[in-house]
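Every read-out reported here was derived from the displayed coordinates using simple, explicitly stated rules and does not represent laboratory data. Just so we're clear, the structure is a prediction, and the values are computed from it rather than from any experiment. Glycine gets a Cβ as well: all are built from the backbone with ideal geometry, and neighbour counts include every protein chain shown.
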Amino acid sequence: MDSTALALSCELALEAFFRPGDNVIFCNSTGGGFGTFVRCLELQTEKLPRGMSFEAGAAIPAVWSTVVYSLNHVARLTEGESILAHAAAGGVGQAAVQLAQLRGAKVFATVGSQQKRDLLKELFGLLDDQIFNSRDDTFAADVLHATNGRGVDVVLNSLAVELLRQSWECIAPFGRFIDIGKADIIASNTLPMGPFNRNVTFSAVDLVVVHERAKPLMKKILQEIVLLFEENPRLHEPKPLHIFPPS
């Protein structure tokens, strides 16, 4: 390697490290994020995406980390597939819809009110026949009807008990079911085995476990988030964003 190439390589390597004055995003599972000074591992931080406000930067790490890990690392969502995102008007749901649309997937969503339905239509251009009710089990029949009985390739689930089971029945052959709710896991509830006959996968995602046991993976997820936002200016934080004073 000649001296010019070596100098460039060293310069690029230095850019990966933080310097005093850098603006960063921060994601932590143990609290301690409120204060004039916050101390944390470098693996829990990444530089704030270019042009992003501090308010947006505070709003994206937790929800986007959950979605990037769930859809990119676990579900491996690809173009042409379909996804059912529950509670899609919330922070995680909005991130899931955006990432799925970016991947070229067909999005189906559930919400709990007309106001939230209108929000999804306004923000993401979803149609009425892509948005179902999360308050009862009617969404299951609606999903199967919309997919000609096949079901969806990926379910991002936050519902519990009977609504989880109904979501489980919506999974297509070779589908991936990602549970981020944990209520049924904590309660040690049972899961019907029938859908496994279609070569499907059931996975649980808990970002606390990633924080505590796989910090290098957490760093990689944060890097992916920054790259996504810098390469896709249309991506955004959850809306409407509610901003509160420190007090």
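Taking a straight Cα-Cα cut-off under 30 Å and skipping sequence neighbours fewer than 8 places away in the same chain, the lysines within cross-link reach of Lys116 are Lys106, Lys182, Lys239.
Remark on Ile131: its backbone amide H falls under 5 Å from those of Ala109, a criterion applied only to residues 5 or more positions apart or on other chains, H modelled at 1.01 Å from N.
Please list, in chain and number order, the residues 5+ apart from Lys106 or on another chain whose amide H is under 5 Å from its amide H, with Hs placed from the backbone. Counting only residues 5 or more places away or on other chains, the set is Gly80, Glu81, Ser82, Ile83.
Ordering 109-118, 124-133 by mean Cβ neighbour count within 10 Å, with the highest value first, yields 109-118, 124-133.
When DSSP beta bridges are restricted to pairs lying wholly in the chain, around 15% turn out antiparallel. The alpha carbons of region 76-208 give a radius of gyration and a Dmax of 13.7, 39 Å, in that order.
Max-minus-min Cα coordinates of the chain on each principal axis give 62, 48, 36 Å, with the largest extent listed first. Annotation: amide H of Val24 within the under-5 Å range of Leu48, sequence separation 5 or more or interchain, hydrogens built in the peptide plane. Computed 3J(HN,Hα) for region 58-68, one whole-Hz value per residue from the Karplus formula 6.51 cos²θ - 1.76 cosθ + 1.60 where θ = phi - 60°, is 6, 8, 8, x, 5, 6, 6, 4, 4, 6, 4, glycine and proline marked x. If you plug the beta carbon distance of Glu231 and Phe196 into 1/(1 + (r/R0)^6) with R0 = 45 Å, you get a FRET efficiency near 0.75. For region 37-164, a simple Cβ point-charge model (Lys and Arg +1, Asp and Glu -1, everything else neutral) yields a dipole of about 360 debye relative to the Cα centre. Projecting the Cα atoms of Ala75, Leu43, Ile225 onto the charge dipole of the chain (Cβ charges, centred on the Cα centre) puts Leu43 farthest toward the positive pole.
Report note on the peptides 64-76, 208-220: ranked by the mean count of other C-beta atoms within 10 Å, highest first, their order is 64-76, 208-220. Take 81-90, 167-176 and order them by the average number of nearby Cβ atoms within 10 Å per residue, most first; the result is 81-90, 167-176.
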